[in-house]
Amino acid sequence: MSATPSQLGKGNVSRSLPNPMDDASGAERIVRLGRYGDMKVESSWPNKYLLADEGAYFVAGMLPGATSLQIGIMATYVAASCPIVLGNSSSQGPSGKRIYLDYIRFRIVTAGTSGTDLKYAVVLDSVDRAPTTLAAVGSPANLTAYLSPVFNTNMDSNTVSIAKPYFTISTAAGTPPTVPAAGANARTIVGEGSLRTQIVVVKDEYILTFGGPDFYATTGPVLTTASKVVQANPPVVIGPGQFLLVNLWSSSNVTAGNALSALDMGWVEK
């Protein structure tokens with residue numbers, strides 16, 4: 001039997017995200033529908049194009065020809081020495097957005113001497129971890145970082161990002177970048193991640209993925225030539241006023257530190 005108009009559900013078909021609604025019990029609300037009346041908007045495509053079409057997918061990265069990023073002589077994990085920081089500047093409350101990190105990618109341009117591996121850590125924190133001293137893009141200075149430009153991947157969308165991605169811009173090969181101390185509630189999501197089990201090689205490319213359906217990494221014999229390494233990680237959610245930090249270090253690194261180029265990252269804002 002066909003449904004009468006009064007029996008049909010009501011909804012809005014929208015190419016843009018609606019304003020967030022409060023979870024008040026019993027409150028009547030309009031259901032968000034897809035173009036063809038489907039309610040499973042997020043999962044209708046098995047890729048990220050729907051998110052990009054909504055203006056919810058953003059990227060940040062080094063611009064063409066940018067100066068390489070020195071991460072300093074780092075032989076162990078140091079919480080306040082961090083080359084990659086991603087902050088959420090969204091306001092608290094029902095209209096606040098979260099950041100869902102998708103990937104981070106970078107290439108080695110200088111291999112730190114004496115390093116016997118490449119390790120990383122991923123930390124979430126609820127206090128402000130933004131670098132306190134910033135350099136203008138194109139004006140590198142020691143012990144500084146710069147705020148990377150952020151771009152919406154949908155040219156038709158004018159949605160402004162709430163993300164604040166900071167990259168180290170230190171020109172001193174021996175001095176690591178610094179950020180404020182960790183808060184009392186900092187959470188270590190990955191504490192001893194491994195990207196290389198031997199000294200890094202110039203032109204190595206590393207890709208950290210987050211929240212994928214499978215937990216995998218590229219595997220194989222120890223390589224002395226440039227390699228591409230993909231390492232999966234747990235999902236991370238950065239709420240309003242919160243920060244994500246990625247630390248990098250090489251065991252036994254004593255003379256010159258690693259330097260990166262082609263650093264870029266992507267995420268979803270909802």
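The values are calculated or read from the model by the stated rules, or taken from the named source; none is laboratory data. From a predicted model like this one, the values you see are computed outputs, not experimental measurements. No Cβ is skipped: glycine too gets one built from the backbone with ideal geometry, and neighbour counts run over all protein chains shown.
Being buried (at least 18 other Cβ atoms within 10 Å of the Cβ), within 18 Å of the chain's Cα centre (by Cα) and in a loop (DSSP other than H, G, I, E, B), is that true of even one residue in the stretch 159-167?
yes
I'd like the residue in the stretch 134-157 that is in a loop (DSSP other than H, G, I, E, B) and within 25 Å of Val229 (Cβ to Cβ) and, out of all such residues, is modelled with the lowest pLDDT. Can you show your working first?
So the first thing to find is which residues in the stretch 134-157 are in a loop (DSSP other than H, G, I, E, B), and the list is 135-144, 148-149, 153-157.
Subset that is within 25 Å of Val229 (Cβ to Cβ): 148, 153.
On the way: Ser148: 92, Thr153: 97.
Filtering the stretch 134-157 for residues that are in a loop (DSSP other than H, G, I, E, B) and within 25 Å of Val229 (Cβ to Cβ), the one modelled with the lowest pLDDT comes out as Ser148.
Just wondering, is there one or more residues in the stretch 123-133 that are modelled with pLDDT under 90 and among the hydrophobic types (A, V, I, L, M, F, W, C)? Let's see the steps before the verdict.
Kept after step one, since they are modelled with pLDDT under 90, are these residues of the stretch 123-133: 131-133.
Pick out the ones that are also among the hydrophobic types (A, V, I, L, M, F, W, C) and you get none.
No, that holds for no residue.
Go through (1) assigned to a loop (DSSP other than H, G, I, E, B); (2) of a type outside the set (Val, Ile, Thr); (3) within 19 Å of Phe106 (Cα to Cα) one by one and return the number of the condition Leu86 breaks.
Here Leu86 clears every test but (1).
Could you look through the stretch 174-200, keep only residues that are among the aliphatic types (A, V, I, L, M) and loosely packed, with under 15 Cβ neighbours inside 10 Å, and pick out the one that is farthest from the chain's Cα centre (by Cα)? Walk me through how you get there before you give the answer.
Let us first name the residues in the stretch 174-200 that are among the aliphatic types (A, V, I, L, M), namely 179, 181-182, 184, 186, 189-190, 195, 199-200.
Cutting the leftovers down to loosely packed, with under 15 Cβ neighbours inside 10 Å gives us 181, 184.
Working: Ala181: 20, Ala184: 22 Å.
Residue satisfying both the conditions and the ranking: Ala184.
How many residues, within the stretch 48-99, are free of Cβ contacts under 8 Å to residues at least 12 places away in the same chain and either hydrophobic (A, V, I, L, M, F, W, C) or within 20 Å of Val179 (Cα to Cα) (or both)?
1
Taking Gly93, is it outside any strand (DSSP E or B), out of contact with any strand residue (DSSP E or B) (no Cβ under 7 Å at 6 or more places or on another chain) and buried (at least 23 other Cβ atoms within 10 Å of the Cβ)? Steps first, please.
Values: outside any strand (DSSP E or B): yes; out of contact with any strand residue (DSSP E or B) (no Cβ under 7 Å at 6 or more places or on another chain): yes; buried (at least 23 other Cβ atoms within 10 Å of the Cβ): no.
So Gly93 fails the test.
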